[in-house]
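Please read the structure below before turning to the comments.
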Amino acid sequence: MRQISEREDLSRAVLNVDLNSPIFKPMLEELNVAMIEVLKKAYNGEFESGDISLKITLAVPTVTKKFPVEGSELGEHPVVKTYEYKALNFKHNITKTLKKVDKVDGEYFGEKELKKDDTGDFVEVPIENPQISIFD
């Protein structure tokens, strides 16, 4: 049984490229930490909720590696063999957005009639009372 603190040497291993691969393990661990942080803050009432975004950029660049060839004489320029191959390159970015609702409510309910004036602007106009008042 492997202990948690042990690190495997994967330099000589053939690895499948999928999310279960050790290649992606650090990214998944970081994603897990982000998820737990958001859950703790939401649970403690610090934030209403949180969004977590994971962006993965995959590339397959062509790389050239040079290897010294055995049999080169001491003092001579070493004979070099080049090997060209396609390598896996991926970058990831984890973004947390915590939502805190700070709300101020207010309401206005007009006691006037809403109309458009001659220029097309909205205006509130007092409602005319059809009864005659002694104050008019």
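Using protein chains only and a probe of 1.4 angstrom, how many square angstrom of VAL14 are accessible, to the nearest 10?
Around 140 Å² of this residue is reachable by solvent.
Do the alpha carbons of any pairs in LYS66/LYS86; LYS25/LYS100; LYS40/LYS91; LYS25/LYS66; LYS25/LYS81 sit beyond 25 Å of each other, and which pairs?
The answer is LYS25/LYS100; LYS40/LYS91; LYS25/LYS66; LYS25/LYS81.
Want the number for ILE127 to ASP18: 0.36 nm per residue separation, take away the alpha-carbon distance, what's left?
Full-extension gain reported as 32.2 nm.
Sort the following peptides by mean Cβ neighbour count (other Cβ atoms within 10 Å, averaged over residues), highest first: 16-29, 116-129, 78-91.
The most tightly packed comes first, giving 16-29, 78-91, 116-129.
The values are calculated or read from the model by the stated rules, or taken from the named source; none is laboratory data. Bear in mind that the values here come from a model prediction, so they are computed numbers and not experimental data. No Cβ is skipped: glycine too gets one built from the backbone with ideal geometry, and neighbour counts run over all protein chains shown. Note: areas computed on protein heavy atoms with side chains; ligands, DNA, RNA excluded. Shrake-Rupley method; radii C 1.70, N 1.55, O 1.52, S 1.80 Å.
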